[in-house]
Amino acid sequence: MTAIDPTAHLTSEQIEELGRELDAIRDEVIADRGEKDAAYIRRVVSAQRRLELVSRGVLLFSMFPPAWLLGTAGLSVAKIMDNMEIGHNVLHGQWDWMRDPKIHSTTWEWDHVSPSEQWKHSHNELHHTYTNVIGKDNDLGYGIMRVDEDQKWHPFHLGQPLWNLINACFFEYGIAAYDLELGKNLHKRRRRTPEFRARARAVGRKIRKQVLKDYVIHPLLSGPSFLPTLAATFTANLVRNIWSHSVIMCGHFPEGVQVFERRSINGETRGQWYLRQMMGSANISGSRAMHFMTGNLSHQIEHHLFPDLPSNRYAEVAVKVRALFEKYELEYVTGPLPTQVFSAWRKVVRLSLPNKKPRVETPGGQQELVAL
């Protein structure tokens, strides 16, 4: 295959002008956000809590198959809502402007084994700063997958389709592991550092809390429905994990999305940072319900450009962002969920094999892109 830099036709002046136009889009939304947006997130939080409560109530009678099916489906949706449209976006600070202590990034804790403070560091500070930069962005392959042909291949990579499937099924634990940066902290000397031990204890406490809630207290309250409730909760967590993993994979791993070398971001300007977010992300097309269930991460491009804007505004922002893609002759990578999932998994399989292709560097070496 031949690697082609999709931004080679842009001058430095055009890239900075693009940055200014994106800044203007962001400023417009910030100036306009208000009570309508606040009412939206409060409705979503209220609906999620009611749905979870009702679903757990139904599962008290889960020895009866209809109750098991209804309760499991409801709890699965409630957990997805908690993690995607609420937890992820609240922890990004999208609703901090409301100054509501109940819906604020500094106080929110989610239904997830990764403590919110650790997730905010690895996701908000590292992933969003170093999007798709190999060796800097832990979200890129989660430390267990080869993500580019120019990465050195090892026999271990033959198993990456299996590693990825296991990671999907237990995704919240995978996130907790890479939030701890286990890959570099497995060395005995590093495991002894007070900082790492404190973070590991925090993860351990959160895991115990989640396991106690989901697999002990709720099943015990179900009495004779103990085992069906246990199975229902496990199923709901499995559904949530696979769904969130699929959505996130579709945001950064389909064909057409770019990855970057560390040296490509040296001296990166605001416009170049925006351009990297545009080229390193992909969207999912679909209905309003589908966008909602993805936490509006189906608008992954817009989210990476403006991670602190309210998620309910991404759909309107996407129209303007797509127009800029067309204006600057850039590819807006998007497609239906099945298409994007297939594309991402096809790449996982392809990169598990030892093949190679050349890199491409833009003039001046400011943005080195590798088409995947």
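All of the numbers you see were taken from the coordinates with simple rules; none came from a lab. Nothing here was measured: the structure is a model prediction, and the numbers come from that model. All Cβ positions, glycine included, derive from the backbone under ideal geometry; neighbour counts span all protein chains shown.
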Placing each pseudo-label 7 Å from Cα in the direction of the beta carbon, Ala231 and Ala47 end up separated by a distance in nanometres of 3.1
For segment 15-30, Karplus-derived ³J(HN,Hα) couplings (6.51, -1.76, 1.60; θ = phi - 60°; whole Hz; x for glycine and proline) come out as 5, 6, 5, 4, x, 5, 5, 5, 4, 5, 4, 4, 4, 5, 5, 4
The relative contact order of segment 227-344, taking Cα pairs under 8 Å that sit 6 or more residues apart, comes to a percentage of 32
With DSSP loop assignment and no more than 12 other C-beta atoms within 10 Å, the trypsin sites (Lys or Arg not before Pro) in segment 68-163 are Arg99, Lys102, Lys152
Given a Förster distance of 25 Å, the FRET efficiency implied by the Cβ-Cβ spacing of Glu125 and Lys102, rounded to the nearest 0.05, works out to 0.55
With a Förster distance of 30 angstrom and the Cβ-Cβ distance between Phe196 and Ser287, calculated FRET efficiency to the nearest 0.05 equals 0.10
For Ser285, the residues 5 or more places away or on another chain with a placed amide H closer than 5 Å to its own amide H are Gly335, Leu337
Scoring the chain by relative contact order with C-alpha pairs under 8 Å, at least six apart, yields a percentage of 28
For segment 257-354, Rg(Cα) over 2.2 N^0.38 Å is 1.16
With Rg from the Cα atoms and Rh as the Kirkwood inverse mean 1/r over Cα pairs, the chain has an Rg/Rh of 0.98
The farthest towards the positive end of the charge dipole of the chain, of the residues Cys169, His9, His128, given +1 on Cβ of Lys and Arg and -1 on Cβ of Asp and Glu, is Cys169
In whole Hz, the Karplus estimates of ³J(HN,Hα) for segment 228-245 (6.51, -1.76, 1.60; θ = phi - 60°; x where Gly or Pro) are x, 5, 4, 5, 5, 5, 4, 5, 4, 5, 4, 4, 4, 5, 5, 5, 5, 4
Whole-Å distance linking the alpha carbon centroid of segment 1-65 with that of segment 250-267 is 21
With no solvent term and unit scatterers on the alpha-carbon positions of segment 216-257, Debye gives log₁₀ I(q)/I(0) at q = 0.15, 0.17, 0.23 Å⁻¹ of -0.50, -0.56, -0.72
If amide H atoms are modeled at 1.01 Å from N in the peptide plane, then the residues at a separation of 5 or more from Val259, or on another chain, having amide H under 5 Å from its own are Val370, Leu372
